[in-house]
Amino acid sequence: MRKMLIVIDMQNDFIDGALGTKEAVDIVEDVKEKIRSYPAWDVIATMDTHDERYLETQEGKNLPVVHCVKETGGWKIRPDIAELLHDAKIYEKPCFGSMPLAEDLKALSEKEGLELELIGLCTDICVVANALLLKTALPEARISVDASCCAGVTPEKHLAALETMRSCQIHVINA
């Protein structure tokens, strides 16, 4: 069984930028330690990626805070995390979940058994969206989320998202 780590959106805007929180800053060292615990070839990352028309999108109308605009400082993965992801495949995604990530992991699972662990930001948006998408694509794979390496928009939403994932048979560890 191959264990893989998926690092969700550890970008400057979500840590200490436009949508940053104290809780996001607080998980950075745990995230780095978790990344180091996996072989480099078994780490995948995602990046929230928008363009200058973000406020015209459905997401932008519901979350009118410009963030993660491609090639800006806020879009980039935090440097000390980025250096740990130098060999990782990185999926840019225009919305919460990444269909190409799910499709690629589904194809890989047809060749070998997979166990997936997710960490990152934000628990209640992109982490839960990707976890549920992966559970749908790979219903027999063990999928887990390390709560100590995630942060939500608020602590309450973080806890609510963890409970939602538990309800959908996603294993929550270190809660």
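Derivation of every value follows stated rules applied to the coordinates shown; laboratory data play no part. If you're wondering where the values come from, they're calculated on a predicted model, not measured in any experiment. Cβ sites come from the backbone with ideal geometry, for glycine too, and all protein chains shown count toward neighbours.
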Could you tell me which numbered condition Ile44 fails, if it satisfies all but one of (1) assigned to a loop (DSSP other than H, G, I, E, B); (2) of a type in the set (A, V, I, L, M); (3) under 17 Å from the mean Cα position of the chain (by Cα)?
(1)
Every residue in the range 138-153 that is in contact with a helix residue (DSSP H, G or I) (Cβ under 8 Å, 6 or more places away or on another chain) and under 29 Å from Asn12 (Cα atoms), please.
Ile143, Val145, Asp146, Ala147, Ser148, Cys149, Cys150, Ala151, Gly152, Val153
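Can you pull out the residues in the range 98-117 that are in a helix (DSSP H, G or I) and of a type in the set (S, T, N, Q)? I'd like the intermediate steps shown before the answer.
At the first step, the residues of the range 98-117 found to be in a helix (DSSP H, G or I) are 99-109.
Hit for the range 98-117 is Ser109, nothing else.
Residue-by-condition table, conditions (1) in contact (Cβ under 8 Å) with a residue 24 or more places away in the chain; (2) closer than 16 Å to Val172 by Cα; (3) touching a Gly at 6+ places or on another chain (Cβ under 7 Å); (4) not in a loop (DSSP other than H, G, I, E, B):
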residue	(1), (2), (3), (4)
Tyr91	yes, no, no, yes
Phe96	yes, no, no, no
Ile119	yes, yes, no, yes
Asp124	yes, yes, yes, yes
Ala129	yes, yes, yes, yes
Leu134	yes, yes, no, yes
Ser144	yes, yes, no, yes
Mind listing whichever residues of the range 53-74 are in contact with a His (Cβ under 8 Å, 6 or more places away or on another chain) and in contact (Cβ under 8 Å) with a residue 40 or more places away in the chain?
Val66, His67, Cys68, Gly74
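Look at Ile81 and say whether it is touching a residue at least 60 places away in the same chain (Cβ under 8 Å), part of a helix (DSSP H, G or I) and among the β-branched types (Val, Ile, Thr).
Spelling it out, Ile81 is indeed touching a residue at least 60 places away in the same chain (Cβ under 8 Å), part of a helix (DSSP H, G or I) and among the β-branched types (Val, Ile, Thr).
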If we ask which residues in the range 7-23 are closer than 12 Å to His50 by Cβ and in a strand (DSSP E or B), their number turns out to be 1
